[in-house]
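Novice: A single structure is presented below for examination.
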Amino acid sequence: EKVRAKYLVYDLLAARALGEEDLAGLLLEVLKKRQAPHGLEDPDPLSVYSNIPSYELLGRAGLLDGFNKKWAKEYLLERQCRYEGPACGSWGSGEGRDYYPDFMATAQAVRALHYLDPQGQDAEIREAIQRGLEWMKRQQRPDGCFMSGMDDPVIDTAEAVVTLKLLGIDPA
């Protein structure tokens, strides 16, 4: 219970890669039992930085089928910033004036939503993805890199490229 969900997912994926299917199965069951409407761990203000990458990694590995996808969708949609202003469309932490948009969390949330609706049939998910992409686009610098706040432009740019490629959008 004290281990962040994303570390359990990392261990699960490592166990699968090493052929340790019994251990991978146990870790998958632990994660499934931990899922609640507030994500895969306690709803503290920073849990988005574990829940969002957890859902994205599970989706990337094709392991979301055993999870409550309705809860995952609602969790992701409820945490997207929809307030008018420069952070609108992003995912991050905090509220109101103390909200901090995060590029990596936004890119991971967009990908997680795509994994929940790969055919693009859910209008709510399509709209959230579009808002996320619009926020990401506003973070692009004149030299072409992406950077939010004091983030590392190499990481943010890589996150943008990976996200666009997954969605079938040419990063150029």
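Novice: If one takes the longest principal axis of the Cα atoms in the chain, at what angle in degrees, from 0 to 90 and to the nearest 10, does the Cα axis of helix 69-78 lie?
Specialist: 30 degrees
Novice: Sticking with this structure for a sec: Please pull out the direction-averaged projected area of the stretch 7-68, using the convex hull of its alpha-carbon atoms, in nm² to one decimal place. Each step should come with its number before you reach the end.
Specialist: Values: hull surface 15.3 nm².
Orientation-averaged projected area of the Cα hull: 3.8 nm².
Novice: Now, a different point. To the nearest Å, what is the center-to-center distance of the stretch 39-86 and the stretch 135-172, using C-alpha atoms only?
Specialist: Rounded to whole Å, the Cα centres lie 20 Å apart.
Novice: Quick check on the stretch 6-120: take the gyration tensor over C-alpha atoms, sort the square-rooted eigenvalues as a ≥ b ≥ c, and tell me if it's rounded (a/c under 1.5), prolate or oblate.
Specialist: Working: a/c = 2.18, a/b = 1.92, b/c = 1.13.
The shape class here is prolate.
Novice: Points 7 angstrom from Cα along the Cβ direction at residue 140 and residue 167: gap in nanometres?
Specialist: Calculated label separation equals 1.1 nm.
Novice: Now for a separate question. Give, as a single signed number, the net charge of other residues whose beta carbon lies under 15 Å from the beta carbon of residue 17, with Lys and Arg counted +1 and Asp and Glu -1.
Specialist: Details: positive: 16, 60; negative: 11, 20, 21, 22.
Surrounding charge for residue 17 is -2.
Novice: Continuing with this model, one more query. May I ask which of 2/69; 69/137; 32/137 have a Cα-Cα span longer than 30 Å here?
Specialist: Values: 2/69 24 Å; 69/137 28 Å; 32/137 34 Å.
32/137, as the Cα separations exceed 30 Å there.
Novice: Further question on the same structure: Would you calculate a helix-derived [θ] at 222 nm for the chain, using -39,500 (n - 2.57) for each DSSP H run of n ≥ 4 and dividing by the full residue count, to the nearest 500? Could the numbers behind the result be given before it?
Specialist: On the way: 7 runs with 94 residues, N = 172.
Counting only the DSSP helices, I get -17500 deg cm²/dmol.
Novice: Size of the dipole of the stretch 20-172 about the Cα centre, Lys and Arg at +1 and Asp and Glu at -1 on the beta carbon, nothing else charged, in debye to 20?
Specialist: So the dipole magnitude of the stretch 20-172 works out to roughly 380 debye.
Novice: To continue, here is another question. With everything on Cα atoms, drop me the angle between helix 48-60 and the longest principal axis of the chain, reported from 0 to 90° to the nearest 10.
Specialist: The helix 48-60 is inclined about 70 degrees to the chain.
Novice: Mind giving me the nanometre distance, one decimal, between the label points for residue 14 and residue 124, set 7 Å out from Cα along Cα→Cβ?
Specialist: The modelled label-to-label distance comes out at 3.6 nm.
Any read-out appearing in this document is the output of simple, stated calculations on the displayed coordinates, not a laboratory observation. Every value quoted in this text rests on a predicted model; they were computed, and no experiment measured them. Backbone-built Cβ (ideal geometry, glycine too); neighbour counts: all protein chains shown.
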